[in-house]
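The values are calculated or read from the model by the stated rules, or taken from the named source; none is laboratory data. Because the structure is predicted, anything quoted here is derived from the model rather than measured. Cβ: placed from backbone, ideal geometry, glycine included. Neighbour counts: every protein chain shown. Quick note on the areas: whole protein, heavy atoms, side chains included, nothing else; ligands and nucleic acids left out. Shrake-Rupley method; radii C 1.70, N 1.55, O 1.52, S 1.80 Å.
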Amino acid sequence: MIPFLSLKDITAKYADEIHSAVQRVVDSGWYLQGKKNEAFEQHYADYIGTKYCIGCGNGLDALIWIYRAYIELGIMQPGDEVIVPANTYIASILAITENGLKAVLVEPDPNTLELDENEIEEAITLRTKSILLVHLYGRCAYTEKIGEICRKYNLKLVEDNAQAHGCTYKGQKTGSLGEAAGHSFYPGKNLGALGDGGAVTTDNKEMADCIRALANYGSQKKYVFKYRGRNSRLDEIQTAVLDVRLCHLDEDNHLRQKVAAYYYENINNPLITLPSRMSDENNVYHIFPIFCERRDDLQKYLKEHGVQTLIHYPIPPHLQECYTDEWNELSLPIAERLAKQELSLPISQVMTEKEVCNIVELLNDFR
Ligand SMILES: *Cc1c(COP(=O)(O)O)cnc(C)c1O
């Protein structure tokens, strides 16, 4: 069977380095907010190209903290609006609504699958304060025009970089293009831990200080609480693992790009559509999505031939039960069509050439 993603093989690839890094933390007697955390935060900030990196509990928290900081710093008020792509993972939306802000869903461009730059201005109102730009599937969602819109309407550009570690736009890493970015180190992400983890990157010192406090009970000084925070920390074992995997991130992303190139150059079936091909600088291929009107048949066929696939994502956020009151009536035909037709092929740094060829052959034989 070809699995969708073998975390076991991904970890095994650097097993010796990971084992000894974890062992050193275990033996050190220091498990939270210590030297490993500090080192990883510095390395990751350097990698992304920002002044600050603040580790936190997970990617959802990272995004929640960014908007909470805007509220604590008096830059946003509950009820303010944030523009977000309609076809994102639910966590992007939760980070907005969790803070009492209003998520305004905007359709993606069906070719790039990213927020449609031509649909944004229509969604802007007097209460719009920010765009949450999601680099979905590892594809760079930033465009010159989106940057211009943010400047023109004075909107804070925030990036959801949970799926795009290592992706760049004109030589600059995603996660450094806006004022702040949320990153997830969920095990299946391109840069994954052996458990939950996340981080915020930013150049803004006030935001960094505020988030560091929020994620530590709201405290900047021991036993003195400036904010009503929570406990949302990245631990020493996870940062030790992440530090090892960060050293290999570019090389691992390159291997994903090679798999993707093979898919792009060899999948040839009129029943299957691929999204527009981006250059490798702009795509780290967290997910390789294909589209098919008979998606469910295709998934079943691949399964019967030993290939596991997933769907990202089968139900768009506005049709989820948790948002029925909010978006009952909303019609977002592009996001809805993508959800009906999307199928994610296996892609990773540990796939063999034989596996990739086998998948392509099966796809091309599908009738
Ligand atoms: C994974 C993911 C998140 C959330 O990250 P967690 O670490 O799982 O909380 C947020 N946004 C997107 C787009 C994601 O893919």
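Residues in region 326-367 that are open to solvent by 30 Å² or more (accessible area, probe 1.4 Å) and outside any helix (DSSP H, G or I): 328, 329, 330, 331, 350, 351, 352, 367. When region 180-189 is filtered for residues that are in contact with a His (Cβ under 9 Å, 6 or more places away or on another chain) and surrounded by fewer than 24 Cβ atoms within 10 Å (Cβ to Cβ), the ones remaining, listed by number, are 188, 189.
What number of residues in region 114-144 are in a loop (DSSP other than H, G, I, E, B) and within 12 Å of the ligand (Cβ to nearest atom)? Residues that pass the stated criteria total 3.
Per the conditions (1) open to solvent by less than 40 Å² (accessible area, probe 1.4 Å); (2) part of a loop (DSSP other than H, G, I, E, B), the sole criterion not satisfied by residue 104 is (2). Any residue at all in region 39-57 that is part of a loop (DSSP other than H, G, I, E, B), open to solvent by less than 30 Å² (accessible area, probe 1.4 Å) and either within 16 Å of the ligand (Cβ to nearest atom) or hydrophobic (A, V, I, L, M, F, W, C) (or both)? The answer is yes; a qualifying residue exists. All conditions but one from (1) within 16 Å of the ligand (Cβ to nearest atom); (2) buried (at least 24 other Cβ atoms within 10 Å of the Cβ); (3) more than 15 Å from the chain's Cα centre (by Cα) apply to residue 99; the one that does not is (2).
Beta carbons closer than 6 Å, at least 6 apart along the sequence or on distinct chains, pair a first residue in region 349-367 that is in contact (Cβ under 8 Å) with a residue 12 or more places away in the chain with a second that is open to solvent by 40 Å² or more (accessible area, probe 1.4 Å) and among the hydrophobic types (A, V, I, L, M, F, W, C) for 349/255. Inclusion of residue 177 among residues that are touching a residue at least 24 places away in the same chain (Cβ under 8 Å) and open to solvent by 30 Å² or more (accessible area, probe 1.4 Å) is warranted. Of all residues in region 147-167, those being β-branched (Val, Ile, Thr) and surrounded by fewer than 21 Cβ atoms within 10 Å (Cβ to Cβ) number 1.
Selection of region 13-37 for residues being out of contact with any Phe, Trp or Tyr (no Cβ under 9 Å at 6 or more places or on another chain), open to solvent by 60 Å² or more (accessible area, probe 1.4 Å) and of a type outside the set (Ser, Thr, Tyr) yields 13, 16, 17, 19, 23, 24, 26, 27, 30, 32, 33, 35. Would you confirm whether any residue within region 16-36 is under 30 Å from residue 359 (Cβ atoms) and within 16 Å of the ligand (Cβ to nearest atom)? Looking for residues that are under 30 Å from residue 359 (Cβ atoms) and within 16 Å of the ligand (Cβ to nearest atom), one finds none in region 16-36, hence no. Within region 290-321, being touching a residue at least 40 places away in the same chain (Cβ under 8 Å), farther than 29 Å from residue 6 by Cβ and open to solvent by 90 Å² or more (accessible area, probe 1.4 Å) holds for one residue alone: 293.
For region 65-94, a residue qualifies if it is among the aliphatic types (A, V, I, L, M), open to solvent by 10 Å² or more (accessible area, probe 1.4 Å), more than 9 Å from the ligand (Cβ to nearest atom) and farther than 19 Å from residue 124 by Cβ, and the qualifying residues are 71, 73. Applying the set (1) without any contact (Cβ under 8 Å) to a residue 40 or more places away in the chain; (2) under 24 Å from residue 143 (Cβ atoms); (3) surrounded by fewer than 16 Cβ atoms within 10 Å (Cβ to Cβ) to residue 281 leaves exactly one unmet item: (1).
Quick grid of which residues meet (1) at pLDDT below 95; (2) under 23 Å from residue 344 (Cα atoms); (3) within 16 Å of the ligand (Cβ to nearest atom); (4) in a loop (DSSP other than H, G, I, E, B):
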| residue | (1), (2), (3), (4) |
| --- | --- |
| 164 | no, yes, yes, yes |
| 176 | no, no, no, yes |
| 181 | no, no, yes, no |
| 188 | no, yes, yes, yes |
| 191 | no, yes, yes, yes |
| 200 | no, no, yes, no |
| 209 | no, no, no, no |
